[in-house]
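Below is one structure, written out as structure tokens; the observations come after it.
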Ligand code: TYM
């Protein structure tokens, strides 16, 4: 039986955080492990260029994503873990899609509108971001795309673009992908209660040194309740982050602590820090070992790139045939 296809990417543009982990990485590891999917997990380094113009930062972010995924249990035997720019067919497919996508359609994209609203300069790469992302997804005929809710519109765009292409060339070729978003982690809050996001500087980093981790956890915004006050866990940022790490019984224990009173914010932060340090046990050593071994990271990416390129070459062969570019 042919397996369903999973495609998921992370932009190589900064420190990875628990929003990335709970929103997408954890699902990518679990679904890959299930054996039910052919998985393509990649580092969106072309996309990162829309904001990043710094050689060292790009390679640092790339290594960090590989090392983090390996530390979180992604098994390279069961997945193609690769760098987008190692499969330049993504840009070729995006170039073709650009001819079935209109300017007003791209002007409705959230990222474009946000930049416009802030009067920020929009480069063509950013404007065309959704088209390249559609190419990333459709290249592998994805069935599901595990992401956080901030990427929902992008997956909708990929679905639309599959339809635009199929209709333009009168084929039934590209499959319509679906976003895979888990309700409880669709938007993981940051230390200020807003969506955790690299660009907002409100993140709890996955694998940075303990000092950095501690600084982030201690920086979680709290209100003026006293230690004795009873606290509503659902409105509490510390709780809303901490619960993501817990099973049902640990979760109800934690809720009780908040609800009963006598649980200070200092204690709540110390407990969260301890939970995160426990979560990192075993993983952080794998991460550190890889981060200090760039040759190994390159080897992993080379192997993944070859697997991805095989499928991408097949897709582009079909596309060239359908469009007449094969002449
Ligand atoms: P990026 O790099 O911003 O984020 C990577 C993944 O992490 C998820 N995420 C979150 N989920 C829940 N709560 C949060 N606070 C949170 N912050 C980040 C994102 O939703 C994403 O799933 N455009 C993409 C990268 C990309 C891609 C693709 C993804 C390029 N091509 C093809 C899937 C398929 C991005 O910038 O994600």
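The values are calculated or read from the model by the stated rules, or taken from the named source; none is laboratory data. The model shown is predicted, which means the values in this text are computed figures rather than measured ones. With ideal geometry, Cβ positions are generated from the backbone for all residues, glycine too; neighbour counts draw on all protein chains shown.
Taking residue 256 as meeting all but one of (1) within 15 Å of the ligand (Cβ to nearest atom); (2) farther than 22 Å from residue 25 by Cα, write down the number of the exception.
Here residue 256 clears every test but (1).
Taking the options 238, 286, 220, name whichever one is under 22 Å from the mean Cα position of the chain (by Cα) and either assigned by TED's automatic domain parsing to the domain that holds residue 65 or touching a residue at least 12 places away in the same chain (Cβ under 8 Å) (or both).
286
Kindly list the number of the only condition in (1) more than 14 Å from the chain's Cα centre (by Cα); (2) at pLDDT 95 or above; (3) in a helix (DSSP H, G or I); (4) surrounded by fewer than 19 Cβ atoms within 10 Å (Cβ to Cβ) that fails for residue 111.
(2)
Of all residues in the range 204-231, which are outside any helix (DSSP H, G or I) and touching a helix residue (DSSP H, G or I) at 6+ places or on another chain (Cβ under 7 Å)?
Within the range 204-231, 204, 205, 206, 207, 220, 221, 222, 230, 231 meet the criteria.
Among what's in the range 1-12 and is surrounded by fewer than 19 Cβ atoms within 10 Å (Cβ to Cβ) and not in a strand (DSSP E or B), pick the residue that is nearest to the ligand (Cβ to nearest atom).
This residue is 3.
If I ask for residues that are more than 11 Å from residue 74 (Cβ to Cβ) and either outside the structural domain of residue 151 (by TED's automatic domain parsing) or in contact with a strand residue (DSSP E or B) (Cβ under 7 Å, 6 or more places away or on another chain) (or both), which ones from the range 25-39 would you list?
Within the range 25-39, 27, 36, 37, 38 qualify.
Can you list the helices (runs of 4 or more DSSP H) lying wholly within the range 119-191 that have 3 or more residues being in the same structural domain as residue 312 (by TED's automatic domain parsing) and touching a helix residue (DSSP H, G or I) at 6+ places or on another chain (Cβ under 6 Å)?
129-138, 152-168
Quick check on this structure: which one of 192, 172 is surrounded by fewer than 17 Cβ atoms within 10 Å (Cβ to Cβ) and touching a residue at least 40 places away in the same chain (Cβ under 8 Å)?
192
Looking only at the range 40-78, filter to residues that are assigned to a loop (DSSP other than H, G, I, E, B) and in contact with a strand residue (DSSP E or B) (Cβ under 8 Å, 6 or more places away or on another chain); which one of those is surrounded by the most Cβ atoms within 10 Å (Cβ to Cβ)?
Residue satisfying both the conditions and the ranking: 74.
Across the range 13-46, what is the total count of residues that are within 8 Å of the ligand (Cβ to nearest atom) and at pLDDT below 95?
So the count comes out to 1.
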